Amino acid sequence: MRLTASGRVDIAAAAQLACMLEAFAPKPGNVSPGAGFGDTSYMDFLASAAAIGRSLGSASRPLGEIILMAVRDTRRWVDVNTNLGIVLLLAPLARAAALLPPPDDAPIELGELRTSLATVLEESSVDDARATYEAIRLASPGGLGSVDSQDVASEPTVTLATAMHLAADRDGVAYEYATGFRATFEVGAVALRAARRAGLDWNDAVVETYLTLLAAYPDTHIARRAGHARATEVTRTAGAVLDVGGVRSSAGRAAIAQLHADLSDPHNLANPGTTADITTAALFVTLLTGGWHSRHGGSDAAPR
């Protein structure tokens, strides 16, 4: 990832590239160039990736404003929810990166990014929650349901971080807010860097990262739409796919193809959308911290 003239990594470009790398990789159960949903195509995800550049590049704004701007900008191009979870995850990471002092011709340090992120989350406000609730209503995600406390259909009375803590047991994105982005930093980014160091191209590295996250955490998008038992079953299957080699073996690739077939249905009930969102966050963290270049974690081969 290139640095700007001021020495700061180009946050907007890193966010857009993370979204494109995630969308391009053939992750089982998700949209990619060779697989779409009835109402959503790969091109919708490309448009969404382009649309968030303005907001993520303005990450010195309050967190809620960044989130709402990103969803509004996406809606100008795409009329379905393609990236709400991605925006919710990338916005605080972008703000955390923007608040760091410009490095001396070097990538952002991983530890510094996570420390800055903790500050961003701690300093979130009720206004941030209010703007985020508006963004969620605008995006209209499927299967959201309602809750007794701090429901997105009402006006929040707590900070965004507190609201996310309240939802952490039922939503993987909220869990990231509540844990300082544990899955993003400690599972996703670790798996991605390991895959790149092992020589995997970006496509295979993204798929392996996605499967690693899916095997570690039942997908809450599946749980909301198809039930907790189905989400747990998919997690077990992802682990089994990795056990036979995943993208690194012919048996693993056959298992990935079978998993994609098993997850595909006319209503996308078993779409591991939350896992895909966290995979994008892991990509963003990796790009912000220098992972595009071979000396930081793999070859520079373009996605195939």
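The values are calculated or read from the model by the stated rules, or taken from the named source; none is laboratory data. Values in this document were obtained by computation on a predicted structure and should not be read as measured data. Quick reminder, even Gly has a Cβ in these numbers, built from the backbone with ideal geometry, and neighbours come from all protein chains shown.
Odds and ends about this structure:
- Any hit, region 19-35, residues being within 13 Å of the chain's Cα centre (by Cα), modelled with pLDDT of 95 or more, more than 16 Å from A205 (Cβ to Cβ) and among the hydrophobic types (A, V, I, L, M, F, W, C): no
- Selected residue (criterion: surrounded by the most Cβ atoms within 10 Å (Cβ to Cβ)) from residues of region 166-212 that are closer than 22 Å to S32 by Cβ and of a type in the set (D, E): E208
- Tallying residues that are more than 24 Å from A161 (Cα to Cα) and outside any helix (DSSP H, G or I) within region 32-84 yields 15.
- The helices (runs of 4 or more DSSP H) found wholly in region 117-214 and carrying at least 3 residues that are under 20 Å from C19 (Cβ atoms) and modelled with pLDDT under 95 occupy 126-139.
- The set of residues from region 239-284 being out of contact with any Gly (no Cβ under 9 Å at 6 or more places or on another chain) and in a helix (DSSP H, G or I) comprises G239, A240, V247, R248, S250, A254, A257, Q258, A261, F284.
- In region 203-225, the residues that are farther than 11 Å from A189 by Cα reach residues that are in a helix (DSSP H, G or I) and aromatic (F, W, Y) with C-beta atoms within less than 7 angstrom, at least six apart or across chains, in these pairs: N203/F24.
- Members of region 60-83 found to be without any contact (Cβ under 8 Å) to a residue 60 or more places away in the chain and surrounded by fewer than 24 Cβ atoms within 10 Å (Cβ to Cβ), listed by number: S60, R61, M69, D73, R76, W77, V78, D79, V80
- Summed over region 31-41, residues that are touching a Phe, Trp or Tyr at 6+ places or on another chain (Cβ under 8 Å) and surrounded by 16 or more Cβ atoms within 10 Å (Cβ to Cβ) total 2.
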